[in-house]
Amino acid sequence: MTAPTLPASWTLRPLGAHDIDSLLHVQTVCYGDSFLESQAVFARRLACPHQCSIGVVRPGQTALLAYLAAYWSNPGKITPLDGDFSAPAPGPHVLYLHDMSVLPELSGQGVARHLVQHLFAAARQRGVQQAALVSVQGSQTYWERQGFSVKPVLDAQQSMHLETYGPGATYMTAAL
């Protein structure tokens, strides 16, 4: 599956520390108060060497229209809500999609799919064969359309991390 072509009116780029305020604005618009994560946590996440987060902006502008916060992790590892992107241990890696938000003005235009497919391609280039995420706010069907399926969480610590997202949160994985 290839990503839709990104219109010339949008630019895809890596996220950096200068994006934190804009990222938090998009997060607030998309999630309300339910899943807000702190500025300090996002600063640490974007500073870590194993993050691969990306965003969409209009050419020549800095304000984010959408973002996908992601990093290289290990199979079965769940990042708790408002938790740091811990460094992966040696061994197989996964692409962990932690948080994706698209401003309502771009809803239905393929931006989310483009973000996901862009990182899937980057993961394949690194030899990574799996992606993982936590589905929240009834998004499980969307993620199933992207190739993800529910994966049981058997580890007690990872189950506690999953519970930080509240009722209905589901751990999912996809083969790349």
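The values are calculated or read from the model by the stated rules, or taken from the named source; none is laboratory data. On a predicted model such as this, the values are computed, not experimentally measured, just so you know. Every residue, glycine among them, receives a Cβ derived from its backbone with ideal geometry; neighbour counts consider all protein chains shown. Surface areas here come from the heavy atoms of the whole protein model, side chains and all, with no ligands, DNA or RNA. Shrake-Rupley method; radii C 1.70, N 1.55, O 1.52, S 1.80 Å.
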Test for HIS118: is it open to solvent by 40 Å² or more (accessible area, probe 1.4 Å), in contact (Cβ under 8 Å) with a residue 60 or more places away in the chain and closer than 24 Å to GLN137 by Cα
yes
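Every residue in segment 97-115 that is assigned to a helix (DSSP H, G or I) and open to solvent by less than 10 Å² (accessible area, probe 1.4 Å), please.
LEU106, VAL111, LEU115
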Can THR173 be described as open to solvent by less than 20 Å² (accessible area, probe 1.4 Å), in contact (Cβ under 8 Å) with a residue 40 or more places away in the chain and hydroxyl-bearing (Ser, Thr, Tyr)?
yes
When residues of segment 120-148 are filtered for being part of a loop (DSSP other than H, G, I, E, B), within 19 Å of THR79 (Cα to Cα) and not polar (S, T, N, Q), how many remain?
4
Can you tell me which residues in segment 62-96 are in a strand (DSSP E or B) and open to solvent by less than 10 Å² (accessible area, probe 1.4 Å)?
LEU64, ALA66, TYR67, LEU68, ALA69, ALA70, TYR71, SER73, VAL94, LEU95, TYR96
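Name the single residue, out of those in segment 16-53 being open to solvent by less than 10 Å² (accessible area, probe 1.4 Å) and of a type outside the set (Phe, Trp, Tyr), that is farthest from PHE120 (Cα to Cα).
So in segment 16-53, the residues open to solvent by less than 10 Å² (accessible area, probe 1.4 Å) come out as 19, 23, 26-27, 41-42, 45, 53.
Restricting the remaining residues to those that are of a type outside the set (Phe, Trp, Tyr) gives 19, 23, 26-27, 41, 45, 53.
Details: ASP19: 22, LEU23: 21, VAL26: 22, GLN27: 22, VAL41: 24, ARG45: 20, SER53: 12 Å.
So, considering only residues that are open to solvent by less than 10 Å² (accessible area, probe 1.4 Å) and of a type outside the set (Phe, Trp, Tyr), the one farthest from PHE120 (Cα to Cα) is VAL41.
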